[in-house]
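Reading through the structure tokens given below for one structure.
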Amino acid sequence: MDNNNIEEIVRKILSEMKGEGTKTSAPASIAAIPEKARVAMLVEKERFEIQEYKIPEVGDGDILVKVEGCGVCGTDAHEFKRDPFNLIPVVLGHEGTGTIVKMGKDVCKDSAGKPLNIGDKVVTCMIFGDEPEITMYDLNKQNVGKADVYGLLPDDNIKFNGWFADYILIRKGSSVFNVSDLDLDSRILIEPCAVLVHAVERAKTTGILRFNSRVVVQGCGPIGLICIAVLRTMGIENIVAVDGNEKRLEFAKRMGADKNVDFRNYKGADALGQAVYETLGGHYADFAFQCTGNPIAHANIYKMIRRGGGLCELGFFINGGDATINPHFDLCAKEITLVGSWVYTLRDYATTFDFLKRAQAIGLPMKELITHKFELGDINEALKTNLSMQGLKIAVVVNK
Ligand SMILES: [Zn+2]
């Protein structure tokens, strides 16, 4: 560095101190963007490879986000193990969040109309490239299961297509939300929580779910536990959790289920139904949420519901096989109102931000749902931990 340079720098600093400096678009706190960054590329079944690529150009409608963390979803685990979506090679990770480090000149607001600036924390939802008419206020749209999402996109020249990476390029036409008012763990939980906000909205369409309803939640994995939390934040108090794992049943209690039934203690669907009946003080449930991916669990749950009751089935986000029920006894004679639920709408996503704040306010241990955190370089281990059914929510984070 020569003297001229130093003089120039000093002059620049002095002029900036006086407030006459040329405005740079990025605040000083944002670290320089490197030329290259890492992605975790799933190169074959059960093997991610950490690869480095040049960070792509940021177009006028694009946003470059530095990733802070991303949850591992059941969908990621299926793709990792079996490649059912035929995506390999692919950068997975759709439950991610991070900081805006660069924005195109056309970007100023998020999908809810909130301003977006460099340094803001964001999450993405679906990409509506082909269906721009879908907005968060389109209530006729039951869910947006057909839309694309980051983390399940085919590989292309951009490479930064999923959240299991150091950076992600959010392209024009994507839904993106400014969630700077939520901490990292809450932001990682947004996507799975939106699934439950949607399921409860679906349940409400039956007209059976009320403040004083007796509710059964079957399955106490992350989905069932969050289901209990959503019901609690709505003011529903009478919740029975059903599972076969003591630890999970204990956690369900802390999430707001005041009673539980360990299915291992009962033989057959009728005995299990009777156990729920007794746990509810001589009543079957008014409403039930089926949160396991097990067809037998689907068949069993009818025995726990009263005549005229309701059921929301949300456990089968992938094909888990056929379930056998008796349409006469289980459905018709009892006049059960059944709704299915899958993914969420954009509007549910925005509702979820408020749910997370409410859950925190009433002291639900939401953050304890994240039981394991892995660095990006250890992503194979993260997915294997998920597949081994250890813990609840597994997350990949930049700084553990
Ligand atoms: Zn997911």
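Given the options A40, A269, A32, state which has the largest fluctuation in a GNM of the chain using a 10 Å cut-off (strictly under) for Cα springs.
Maximum among the listed residues: A32.
Counting pairs of alpha carbon atoms under 8 Å apart in space and at least six apart in sequence, what relative contact order in percent does the range 195-340 give?
Once divided by the residue count of the range 195-340, the mean separation gives 24 percent.
Ranked highest first by average number of other Cβ atoms within 10 Å, how do 202-209, 361-368, 72-79 line up?
For the peptides 202-209, 361-368, 72-79, the packing ranking is 72-79, 202-209, 361-368.
Sort R47, R187, R232 so the one with the fewest other Cβ atoms within 10 Å of its own Cβ comes first. Please report the intermediate quantities before stating the final value.
Details: R47 13, R187 26, R232 19.
Listing R47, R187, R232 from fewest to most nearby Cβ atoms yields R47, R232, R187.
Identify the chymotrypsin sites (Phe, Trp or Tyr not before Pro) of the range 48-92 meeting these criteria: DSSP loop state and at most 15 other C-beta atoms within 10 Å of the C-beta.
F85
How high is the relative contact order of the chain, in percent, with contacts defined as C-alpha pairs under 8 Å that are six or more residues apart?
So the answer I get is 17 percent.
Quick check for me: using +1 on Lys/Arg Cβ and -1 on Asp/Glu Cβ, what's the dipole size of the chain about its Cα centre, in debye to the nearest 20?
Computed about the Cα centre, the dipole is about 1080 debye.
Considering the Cα trace of the chain, what is its radius of gyration and what is Dmax, both in angstroms?
Rg, Dmax (Cα atoms, Å): 23.7, 91.
Placing unit charges on C-beta atoms (Lys and Arg positive, Asp and Glu negative, everything else neutral), compute the dipole magnitude of the range 195-340 about its Cα centre in debye, rounded to 20.
Dipole size: approximately 220 debye.
Could you give the distance between the Cα centres of the range 177-252 and the range 330-355, to the whole Å?
If we compute the Cα centre of each part, the gap is 11 Å.
Quick one: Cα convex hull volume of the range 328-400, Å³ per residue?
Value for the range 328-400: 193 Å³ per residue.
Which pairs in the list K66/K384; K114/K159; K54/K373; K36/K159; K159/K357; K66/K373 are over 22 Å apart, alpha-carbon to alpha-carbon?
With Cα atoms farther than 22 Å apart: K66/K384; K114/K159; K54/K373; K159/K357.
Please report Rg over Rh for the range 195-340, where both radii come from the alpha carbon positions and Rh follows the Kirkwood definition.
In the range 195-340, Rg relative to Rh is 0.92.
No lab work stands behind these numbers, since they all come straight from the coordinates. As the structure is a prediction and not an experimental result, all values here were calculated from the model. Ideal geometry is used to build each Cβ from the backbone, glycine not excepted, and the neighbour counts take in all protein chains shown.
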